[in-house]
Amino acid sequence: MAIERTFSILKPDATERNLTGAINALIEKAGLRIVAQKRIRMTREQAETFYGVHKARPFFGELVDFMTSGPVVVQVLEGEGAVLKYRDVMGATDPSKAADGTIRKLHAKSIGENSVHGSDAAETAAIEIAQFFSGNEIVG
Ligand code: CMP
């Protein structure tokens, strides 16, 4: 399988509970390499753009409020089949449905406060990465 990149966010419920290191350990244990990382406070504009695809959903306002409520850690992860691999490591969106040992099973509080985001496809990953990182910030 080809080496690819995916985009990850450690969400405010994770940074608030000081889980950056614990989650990064799960990411690295799965064989993914963190090739870019920064801790930021998302603006409303950034969150609305990032989650634009969910604009018509009833939870959109709640989602933007949550993602701007505290610091997040944005990351680029690299590895073989990184998009699918990270989705496996994260577990299902709803933590009550997530498999044992996944980030969301271990740490997520609810479907909204679910600790991490990961891209759903390689094309989406490229767009999401470009929203938060310039090329020279990614060091593989
Ligand atoms: P994420 O992978 O970041 O992409 C969209 C997010 O919307 C998702 O994770 C969830 O955190 C959030 N989400 C999905 N469904 C709901 C819901 N029913 N209520 C609140 N937030 C939701």
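The values are calculated or read from the model by the stated rules, or taken from the named source; none is laboratory data. As the structure is a computational prediction, the values presented were derived from the model and not from experiment. For neighbour counting, all protein chains shown are included, and Cβ atoms are generated from backbone atoms with ideal geometry for every residue, glycine included. The area values use the complete protein model at the heavy-atom level, side chains included, leaving out ligands, DNA and RNA. Shrake-Rupley method; radii C 1.70, N 1.55, O 1.52, S 1.80 Å.
Checking each residue in the range 57-79 for being under 22 Å from Arg17 (Cβ atoms) and open to solvent by less than 20 Å² (accessible area, probe 1.4 Å) picks out Val64, Met67, Gly70, Val72, Val73, Val74, Gln75, Leu77.
Results for (1) within 20 Å of Glu128 (Cα to Cα); (2) in a helix (DSSP H, G or I); (3) aliphatic (A, V, I, L, M); (4) touching a residue at least 40 places away in the same chain (Cβ under 8 Å), shown as yes or no for each residue.
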site: Asp13; (1), (2), (3), (4): no, yes, no, yes
site: Leu26; (1), (2), (3), (4): no, yes, yes, yes
site: Thr49; (1), (2), (3), (4): yes, yes, no, yes
site: Leu63; (1), (2), (3), (4): yes, yes, yes, yes
site: Gln75; (1), (2), (3), (4): yes, no, no, yes
site: Gly79; (1), (2), (3), (4): yes, no, no, yes
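Select, from Ala30, Ala25, the only residue that is more than 18 Å from Thr124 (Cβ to Cβ), away from the ligand (no atom under 16 Å from the Cβ), modelled with pLDDT of 95 or more and open to solvent by 40 Å² or more (accessible area, probe 1.4 Å).
Working: Ala30 fails: open to solvent by 40 Å² or more (accessible area, probe 1.4 Å).
Ala25 is the lone residue from the list that is more than 18 Å from Thr124 (Cβ to Cβ), away from the ligand (no atom under 16 Å from the Cβ), modelled with pLDDT of 95 or more and open to solvent by 40 Å² or more (accessible area, probe 1.4 Å).
Counting only residues that are under 24 Å from Ile138 (Cα atoms) and surrounded by fewer than 11 Cβ atoms within 10 Å (Cβ to Cβ), how many does the range 44-56 have? Adding up the residues that qualify gives 1. Taking the criterion of being more than 11 Å from the chain's Cα centre (by Cα) and either within 12 Å of the ligand (Cβ to nearest atom) or aliphatic (A, V, I, L, M) (or both), the residues of the range 105-128 that qualify are Leu106, Ala108, Lys109, Ser110, Ile111, Gly112, Glu113, Ala121, Ala122, Thr124, Ala126, Ile127.
Residue under question is Val72, and the condition is that it be within 12 Å of the ligand (Cβ to nearest atom) and under 16 Å from the mean Cα position of the chain (by Cα); does it hold?
On the way: within 12 Å of the ligand (Cβ to nearest atom): yes; under 16 Å from the mean Cα position of the chain (by Cα): yes.
The answer is yes for Val72.
Once the range 103-138 is narrowed to residues that are more than 24 Å from Val64 (Cβ to Cβ) and among the hydrophobic types (A, V, I, L, M, F, W, C), the residue that is least open to solvent (accessible area, probe 1.4 Å) is Ile138.
Among the residues of the range 81-102, those identified as open to solvent by 40 Å² or more (accessible area, probe 1.4 Å), in a helix (DSSP H, G or I) and farther than 27 Å from Phe133 by Cβ are Ser96, Lys97.
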